[in-house]
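Student: Here you go, one structure.
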Amino acid sequence: MKELWISKIKKAKLHDKDTLIKQLLADKTVLDVGCVGQDFNYQSENWLHGKIKKVTRLLVGVDTNYSGIDTIRKHNKEFTIYTPKELQEKSISFDYILMADVIEHVDNTTDFLNFYKQFLNSEGKIIITTPNPFSASQFFSIFFFGQPSFHPEHTCYIDPINMLELANRANLRLVEFHWLSFYTKPTKWYRKIIYILSQTLIKVRKYYAPNYIFILN
């Protein structure tokens with residue numbers, strides 16, 4: 001089965017992250033893990049949690065950023081966001097659990113998956129997005145600057161084949177895979193050059209894509 005998915009991964013299509021996620025979550029009940037720490041804060045129209053709020057039937061957030069949760073609770077009653085402990089005290093399950101660019105921040109990925117899968121309903125699925133460590137942009141970052149681009153709060157970078165094994169260890173199976181395009185276009189001139197070069201390589205080999213999405217159940 002792993003060999004079959006490896007073959008499919010190489011040929012998978014490229015998508016826009018937010019567009020695909022909204023399509024998947026339309027009219028579903030959703031738990032959004034790590035929603036406070038997404039790329040934009042709750043006041044931005046680009047905040048992913050705010051975007052999916054508009055299309056889901058029910059949306060609940062969970063995060064370990066306690067001060068961020070308090071801020072949102074004080075200033076925007078529209079959103080329901082819990083700490084992991086508070087979530088455990090609720091009797092609730094979901095059609096989808098979204099982990100958008102959060103798994104690369106955790107200490108133990110298998111424990112993380114095992115904890116959250118308890119909140120899936122009988123037909124529920126987990127959506128994971130994460131950076132591709134073998135992307136063209138990382139290659140060009142090393143080529144031009146001597147080191148990969150990195151986030152100081154990342155604990156790991158997970159290749160799609162590694163993710164297959166992590167899912168297996170958490171007794172989850174892959175049901176859908178897609179490559180994801182760049183989330184934003186660069187503004188600095190040297191990053192624009194890397195962006196253009198990367199786009200060229202991605203057309204040749206999708207495995208050079210900057211990000212990917214796993215859907216598990």
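FYI, it's all coordinate maths here, none of it is from the lab. Predicted model, so just to flag it, every value in this text is computed and none were measured. So basically every Cβ, Gly included, is an ideal-geometry build from the backbone, and we count neighbours across all protein chains shown.
Student: Sorting Tyr195, Tyr66, Tyr208 on the 10 Å Cβ count, fewest up front, what's the list?
Tutor: Least crowded to most crowded, the residues run Tyr66, Tyr195, Tyr208.
Student: Please give the helix 2-11 orientation as an angle from the longest Cα principal axis of the chain, in degrees from 0 to 90, rounded to the nearest 10.
Tutor: 70
Student: Given labels modelled 7 Å from the Cα in the Cβ direction, how far is it in nm from Asn41 to Ile92?
Tutor: In this crude spin-label approximation the distance works out to 2.4 nm.
Student: Taking the chain as a Gaussian network, Cα atoms linked when under 10 Å apart, which of Lys22, Lys188, Lys206 shows the biggest mean-square fluctuation?
Tutor: The residue that fluctuates most here is Lys188.
Student: With the Cα gyration tensor of the chain in hand, convert its eigenvalues to equivalent ellipsoid semi-axes via √(5λ) and list them largest first in whole Å.
Tutor: Value: 29, 21, 16 Å, ordered largest first.
Student: May I pose another question? For the chain, find the longest principal axis of its Cα atoms and tell me its angle to the long axis of helix 66-75, 0 to 90°, nearest 10.
Tutor: That works out to roughly 70 degrees.
Student: Using alpha-carbon positions, what is the distance between the centroids of the stretch 149-217 and the stretch 48-85, in Å?
Tutor: If you average the Cα positions of each part, the centres end up 26 Å apart.
Student: Another question about this same structure. Return the distance in nm (one decimal) between the two label points of a simple spin-label model at Leu4 and Asn114, each offset 7 Å from Cα along Cα→Cβ.
Tutor: For the pair Leu4/Asn114, the computed spacing is 2.7 nm.
Student: OK, next. Extension gain Ser122-Thr80, at 0.36 nm per residue separation less the Cα-Cα distance, in nm?
Tutor: The span from Ser122 to Thr80 would gain 12.8 nm if fully extended.
Student: Can you tell me the order of 210-217, 40-47 when each peptide is scored by its average per-residue count of other Cβ atoms within 10 angstrom, highest first?
Tutor: 210-217, 40-47
Student: Given 4 °C and 1.567 mPa s, compute D for the stretch 1-76 with the Stokes-Einstein relation, Rh being the Kirkwood radius over Cα pairs; round to the nearest whole µm²/s.
Tutor: Once the numbers are plugged in, D ends up at 91 µm²/s.
Student: Can you tell me which of Leu174, Leu20, Leu59 moves the most in a GNM of the chain? Springs connect C-alpha atoms under 10 Å apart.
Tutor: Of Leu174, Leu20, Leu59, the Gaussian network model singles out Leu20 as fluctuating most.
Student: Also, quick follow-up: Which percentage, to the nearest 5, of the DSSP beta bridges contained in the chain is antiparallel?
Tutor: 40
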